[in-house]
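Working notes, beginning with the structure itself.
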Amino acid sequence: MIDSILHFNRQFVASKGYEPFVTDKYPAKKLAILTCMDTRLTVLLQEALGLRNGDAKIIKNAGGIIPSETDSAIRSLLVAIYELGVNEVMVIHHSTCGACHMSYEHFRPHMLEHGIPESVLTEWEGRGVADWLEGFHDTEASVRRTVAAIVNHPLVPSDVVVRGFIIDSVTGQLTEVL
Ligand SMILES: [Zn+2]
């Protein structure tokens, strides 16, 4: 697959396919979005929100969550706010998210199958791997928790607007979580 992507890429550049996408690093809408890495949202999310290349900083992880105050997602948001001029943040979770009901109990046998030694799993269990890989069970509650993690973060300024949403993974319809 990667080789075929490289082949496409050479043609894309040679035919100047990039021309409609030329922009700079500053988000035109001063907007950041924290959302899920789900493949159904790869193009749908931007299209459903009317966003063009260059409009928003889009930060993605499994679920679109902030599990700790030093998590990489909050680090990216701080860069977006202080370096790139972002003043509004949308947290967008989505329907039938894979991170819903995700759990270490489910991963563990697969890890063994893939050759991760039992001793390594035991060590990581001691380091809290189960909490780390735990998903969420209530999507609305997870949106509220993630919005609160941003709003209440000591390094996030109070003049940044943060709002939470759930997007329908098929229709792209946004519903605000209040
Ligand atoms: Zn998801």
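The values are calculated or read from the model by the stated rules, or taken from the named source; none is laboratory data. Note that the coordinates shown come from a computational prediction; the quantities given were computed from them, not determined experimentally. Don't worry about glycine lacking a Cβ; one is built from the backbone with ideal geometry, like all the others, and counts go over all protein chains shown. For the accessible areas, the whole protein counts, side chains as well, though only heavy atoms, and no ligand, DNA or RNA atoms are used. Shrake-Rupley method; radii C 1.70, N 1.55, O 1.52, S 1.80 Å.
Hey, any hits in region 60-71 for a residue that's among the polar types (S, T, N, Q), under 27 Å from D138 (Cβ atoms) and open to solvent by 40 Å² or more (accessible area, probe 1.4 Å)?
Of region 60-71, the ones among the polar types (S, T, N, Q) are 61, 68, 70.
From the residues that got through so far, the ones that are under 27 Å from D138 (Cβ atoms) too are 61, 68, 70.
Still in the running and open to solvent by 40 Å² or more (accessible area, probe 1.4 Å): 68, 70.
Yes, region 60-71 contains a residue that is among the polar types (S, T, N, Q), under 27 Å from D138 (Cβ atoms) and open to solvent by 40 Å² or more (accessible area, probe 1.4 Å).
Each row is one residue, and each column tells you yes or no for (1) touching an Asp or Glu at 6+ places or on another chain (Cβ under 9 Å); (2) among the charged types (D, E, K, R).
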{"position": "G54", "(1), (2)": "yes, no"}
{"position": "I58", "(1), (2)": "no, no"}
{"position": "D71", "(1), (2)": "no, yes"}
{"position": "L78", "(1), (2)": "no, no"}
{"position": "H94", "(1), (2)": "yes, no"}
{"position": "E105", "(1), (2)": "no, yes"}
{"position": "G115", "(1), (2)": "no, no"}
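The condition of being open to solvent by less than 90 Å² (accessible area, probe 1.4 Å), among the acidic types (D, E) and out of contact with any strand residue (DSSP E or B) (no Cβ under 9 Å at 6 or more places or on another chain) holds for only one of E134, E105, E123, that being E134.
Just one of the numbered conditions (1) at positive phi; (2) in contact with a helix residue (DSSP H, G or I) (Cβ under 7 Å, 6 or more places away or on another chain) is not true of G54: (2).
A quick yes/no check of all residues on (1) closer than 21 Å to C36 by Cβ; (2) within 15 Å of the chain's Cα centre (by Cα); (3) in the same structural domain as V151 (by TED's automatic domain parsing); (4) more than 16 Å from the ligand (Cβ to nearest atom):
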position: E69; (1), (2), (3), (4): yes, no, yes, yes
position: R75; (1), (2), (3), (4): yes, yes, yes, yes
position: V86; (1), (2), (3), (4): yes, no, yes, yes
position: T122; (1), (2), (3), (4): no, no, no, yes
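Pull up region 88-100, narrow it to residues that are more than 7 Å from the ligand (Cβ to nearest atom), more than 30 Å from S158 (Cβ to Cβ) and in contact (Cβ under 8 Å) with a residue 60 or more places away in the chain, then point me to the one that is least open to solvent (accessible area, probe 1.4 Å). Restricting to residues being more than 7 Å from the ligand (Cβ to nearest atom), more than 30 Å from S158 (Cβ to Cβ) and in contact (Cβ under 8 Å) with a residue 60 or more places away in the chain, the top hit is S95. Against the numbered list (1) within 16 Å of the ligand (Cβ to nearest atom); (2) more than 18 Å from the chain's Cα centre (by Cα), C36 comes up short only at (2).
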